Structures are given as C-alpha cells and as structure tokens.
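The next block holds one structure in the form of structure tokens; read it before the comments.
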Amino acid sequence: RAKQEGKNDVRTFSAPMAEEASERAELERDLREALGQQAFTLHYQPQVDLDTGTLRGFEALLRWQHPVQGAVPPAKFIPVAEESGLIVPLGTWVLREACRQAAAWQRRQPGVTVSVNVSPVQFNKQHFTATVREALDAAGLPARCLVLELTERTVLQDVAAATRQLERLRALGVRISLDDFGTGQSSLGLLRHIPIDDLKIDRSFLPQPGDTAPAQRKASALIATLITLGQALQLHVVGEGVETGEQRDLLAGLGCPAAQGYHLGRPMPAAQAEALLTPAQAPGDPARAAPAPVP
Ligand code: C2E
Ligand code: MG
Ligand code: MG
Ligand code: MG
C-alpha cells in the first residue's frame, strides 16, 4: 500500500531545502534591519492617458538596495515580508512616502495621482483604513489623488469582508484599482460584487512581437473584450506592460483610456519622475505654461 511504501511521502528536510530556509531567514533578518535603517526607496512609473498622451499619475514601486546583494527585486522580498509580517510596517512606510511625494507634486500638476500596491496582509488588518487616513492627513494629500492597487488574490480570500473593507476605504475618497486583472481565479464573478474604480489588465494579455498571427489575433480579441467589459462596468481601464508602439496603438485603437509600461516610461527615481509633471495651463501666464525643466 502507498502508506507503507511512503518513503516519498515523507518530506525529508533535504540539503537544498535547508539552504532555502536559511536564505529566507537571512533575507528576513536583513529586511528587518533595512526597515530600521530606511534602506528602501520608491520608484515611480508613469501612467499615461492614451487619448492625449499626457501623464495621469504614477505607480509607486518599492526598491531595496541590499548592502551585499545589491538591488533585490520585490518578487523576491515581498513574499518574505508578507510571511514575517514585516510588510505591515513596510507597507505603511510606502503609503506615507508615496502620499508625501504626491502631495509635493500637486503644486506642479494638480490632480496627479499616485498608485500604491497593497498586500493582502496589510489589507486584512482592521486598522488599515485608519493607516490610509493617517497617511493622507500627514501628507495633506486629497484622497482622490491616492489609488490603492489590490489583486484578485487579496479580495478572494473573503469577498464579504473585503467588500466591507473596500467600502470603508472608498468612503475616505481614495480610488481602488484591481491589479493584474485576469491572472487570478473567478475574476469575472468577482466584478459583480466588489466596489472598485479601476481595472488594470495584466500584461500577459498583450500580443507579443514574437507571437504567430493567429496568436496575435486571439490576444487582440481577448484584450478588446476585457476593455469592453471594464467600460461596460464603468471602470477606468489601464493596460499594463506596454513595451512596444504596436501594443500602445492597439490599446488606444480599442478605446483603452490609459496605459503603463516600459514603452511609456520605466519606473524611475522621484527626481526624474518630477520632470514629467505637466504644469497646469494658466491662461495668460506664459511662464507657468512653459514645459517642465529637464534636470
Ligand atoms: P505590479 O503591481 O503589477 O507592478 C508592475 C510590475 O511590472 C513592476 O515590477 C514594474 O516594474 C513591471 N513593469 C512595468 N512595465 C513593464 C513592462 O512594460 N514590461 C514588463 N515586463 N514589466 C513591466 P516590480 O517593480 O518588479 O514589482 C513587481 C511586483 O511587486 C508588483 O507588481 C507588485 O505586485 C509588487 N510590489 C512592488 N512594490 C510594492 C509595494 O510597495 N508593496 C507591495 N505590497 N507590493 C509591491
Ligand atoms: Mg501594481
Ligand atoms: Mg500589475
Ligand atoms: Mg504584477
């Protein structure tokens, strides 16, 4: 019987597993230290209005410069931060820093938004709405200029509880964006229930330059359907991962209002992002209408 043969069922703590566990423990220790030393920064990636080509706002993306390993990608350290609970203080720092930065940018481009990624661990804390409120107040940022990005994974854990939390957040006046849409499970049913404002279509749906013609046609059909779906639900659709002019033209042609991607702008330090801000046109004030100086 399988049970008696079961040597393979026993999860022996093999050398590679032990190595992985100690690597994780080390990363966790380094994260904890980095949090105390403020070794994190935010980079900002432009989100562009496809109709006008103008800047709407930025997505704040966390960057960690490890003293030995150099830049560690979020895909590597965010899971460790989530498992250890460190994502809560780290996420609070991200919120406060992004709000502070966005508030400073309001003077240059009123209404410019900043989008912040929120982990399920943060989102599920009772205190989360208060944390957001405090970040907005401390920065003096109008709530409508803050966008919170959540994934389907976050909302699906407990749809009823998530809906209540989203309603509390929206009552503050912040926007809610569903990130990486289409990559999770039961995406379509979810849209019936949860109160959101924006829909970010995952980059995996974009036709890629190397794709065969039939694959491109299928991808385009899917993208068109997702944009139509979003608009039918009165959501503001953002196309993610635009790397080529063709992809940009495709989205624009399908009526997708906004997009983000390397072709439109890479994630960049705040000082560089600031140069992209578009001063509001003040009639009869040529000085204020001048383009932003490039540093
Ligand atoms: P995301 O929220 O979906 O962010 C978009 C990711 O795609 C970013 O990766 C961005 O650099 C990358 N990207 C943007 N344009 C393109 C493109 O044209 N092509 C390709 N291939 N990639 C593009 P990044 O910065 O490595 O972040 C990865 C993920 O880590 C994010 O995915 C988000 O889920 C998470 N993350 C980043 N910052 C934070 C944070 O402050 N808090 C939390 N909880 N998660 C974060
Ligand atoms: Mg995001
Ligand atoms: Mg995304
Ligand atoms: Mg993603």
(request) In whole Hz, with x marking every Gly and Pro, tabulate ³J(HN,Hα) for segment 27-39 from phi via Karplus 6.51 cos²θ - 1.76 cosθ + 1.60, θ = phi - 60°. (result) 4, 5, 4, 5, 4, 4, 5, 4, 4, x, 9, 6, 8
(message) Using the Cα centre of segment 131-193 as origin and beta-carbon charges of +1 (Lys, Arg) and -1 (Asp, Glu), tell me which of Gly173, Ala138, Leu150 is placed farthest towards the positive end of the dipole.
(response) Gly173
(request) Within 10 Å, count the other beta carbons around each residue, average over each peptide in 81-90, 94-103, 18-27, and list them highest first. (result) 94-103, 81-90, 18-27
(message) What does the charge count around Thr183 come to, taking other residues whose C-beta lies under 14 Å from its C-beta (Lys +1, Arg +1, Asp -1, Glu -1)?
(response) -3
(request) Could you pull out every residue, at least 5 positions away or on a different chain, whose amide H is within less than 5 Å of the one on Val238? Hs are placed 1.01 Å off N in the peptide plane, and Pro or chain starts have none. (result) Leu199, Lys200, Ile201
(message) Rounding to the nearest 10 and keeping the result within 0 to 90°, find how far the Cα-based axis of helix 128-139 lies from the longest principal axis of the chain.
(response) 40 degrees
(message) At 222 nm, what value in deg cm²/dmol follows for the chain if DSSP H runs of at least 4 each add -39500 (n - 2.57) and the sum is divided by all its residues, to the nearest 500?
(response) -14000 deg cm²/dmol
(request) Using Cα pairs closer than 8 Å and at least 6 residues apart in sequence, work out the relative contact order for the chain, in percent. (result) 18 percent
(request) Just the number, please: percent antiparallel of the DSSP beta bridges in the chain, rounded to the nearest 5. (result) 40 percent
(request) Any chance you could look up the accessible area of Arg108 with a 1.4 Å probe, heavy atoms only, rounded to 10 Å²? (result) 70 Å²
(request) Any chance you could look up the accessible area of Lys76 with a 1.4 Å probe, heavy atoms only, rounded to 10 Å²? (result) 90 Å²
(message) As I understand it, the value is the acute angle between the Cα axis of helix 159-172 and the longest principal axis of the Cα atoms of the chain; what does it come to in degrees, rounded to 10?
(response) 30 degrees
(message) Through the Karplus equation 6.51 cos²θ - 1.76 cosθ + 1.60, θ set to phi - 60°, convert the phi angles of segment 88-105 into ³J(HN,Hα) values in whole Hz; use x for Gly and Pro.
(response) 5, x, 5, x, 5, 4, 4, 4, 5, 5, 5, 5, 4, 5, 4, 5, 5, 6
(request) Could you pull out every residue, at least 5 positions away or on a different chain, whose amide H is within less than 5 Å of the one on Ile176? Hs are placed 1.01 Å off N in the peptide plane, and Pro or chain starts have none. (result) Leu148, Asp197, Asp198
(message) Taking θ = phi - 60°, what integer Hz values does the Karplus form 6.51 cos²θ - 1.76 cosθ + 1.60 yield along segment 247-261, in sequence order, with x for Gly and Pro?
(response) 5, 5, 5, 4, 4, 4, x, 8, x, 5, x, 8, 8, 8, x
(request) Show Trp93, Trp105 ordered by accessible area, largest first, where the area counts protein heavy atoms only and the probe is 1.4 Å. (result) Trp93, Trp105
(request) Taking the dipole about the Cα centre of the chain, with the C-beta of Lys and Arg at +1 and of Asp and Glu at -1, give me whichever of Thr225, Ala160, Gln247 is farthest to the positive side. (result) Ala160
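The values are calculated or read from the model by the stated rules, or taken from the named source; none is laboratory data. Just so we're clear, the structure is a prediction, and the values are computed from it rather than from any experiment. Ideal geometry is used to build each Cβ from the backbone, glycine not excepted, and the neighbour counts take in all protein chains shown. Heads up: the accessible areas ignore ligands, DNA and RNA and are worked out on the full protein's heavy atoms, side chains in. Shrake-Rupley method; radii C 1.70, N 1.55, O 1.52, S 1.80 Å.
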